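Written below as structure tokens is the structure these notes are about.
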Amino acid sequence: MSSQRLLLADDDAAIVAVVRRYFDGRGWQVEACLRAEEALRQLESGAHFDAFICDLHFTPARLSEGLQIVDRARQLRPSIALLLFTGAVEPGVRAEATRLGANAVITKPAPLASLHEAVLRAMKSV
């Protein structure tokens, strides 16, 4: 059986390193992006991903680019497990992310085991 593939998008390199190491250690192949544009390119590339974990904010202006990426990801990949992973959940973000197609919104910091479990649950629901 081939390993599962995760697309991870977060502008914080330390978070990317920790999440990548955790999922790598569980047999996942992880493609990580530090910029929103990189994540969109990966989604548009046609490469297979089982799950996508996306941050909410990618710029100091805190423009909530993650919501736009969630929307585009769901359009491009209707069957991908899609999670918004953020440290700043403003009022209405959960509802908007869900409306746009996110399977879950996980608030940072979250135990990595909980994040992994949320990804597995999301994979079963799509």
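See the values below:
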read-out: Nearest-20 debye value, segment 4-53 charge dipole, Cβ charges on Lys, Arg, Asp, Glu; value: 220 debye
read-out: Extended-chain gain in nm, criterion 0.36 nm per residue less alpha-carbon gap, Leu63 and Tyr22; value: 11.9 nm
read-out: Accessible area of the chain belonging to carbon and sulfur atoms, whole % at 1.4 Å probe; value: 53 percent
read-out: Rounded to the nearest 10 Å², the accessible area of Arg94 at probe 1.4 Å; value: 110 Å²
read-out: Shape of segment 44-126, Cα gyration tensor, a/c cut at 1.5; value: oblate
read-out: Point-charge dipole on Cβ atoms (K/R +1, D/E -1) for the chain, about Cα centre, debye to 20; value: 360 debye
read-out: Estimated inter-spin distance, Glu117 and Glu44, nm [label 7 Å along Cα→Cβ]; value: 3.8 nm
read-out: Segments 23-31, 46-54 sorted - mean Cβ within 10 Å per residue, highest first; value: 46-54, 23-31
read-out: Residues listed by number, segment 82-126, amide nitrogen under 16 Å from Leu76 label point at 7 Å toward C-beta; value: 82-84, 101-102
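The values are calculated or read from the model by the stated rules, or taken from the named source; none is laboratory data. Remember, predicted model here, so these are calculated numbers, not experimental data. Cβ coordinates were reconstructed from backbone atoms using ideal geometry, including for glycine residues, and neighbour counts include every protein chain displayed. Accessible surface areas use protein heavy atoms only, side chains included; no ligands, DNA or RNA. Shrake-Rupley method; radii C 1.70, N 1.55, O 1.52, S 1.80 Å.
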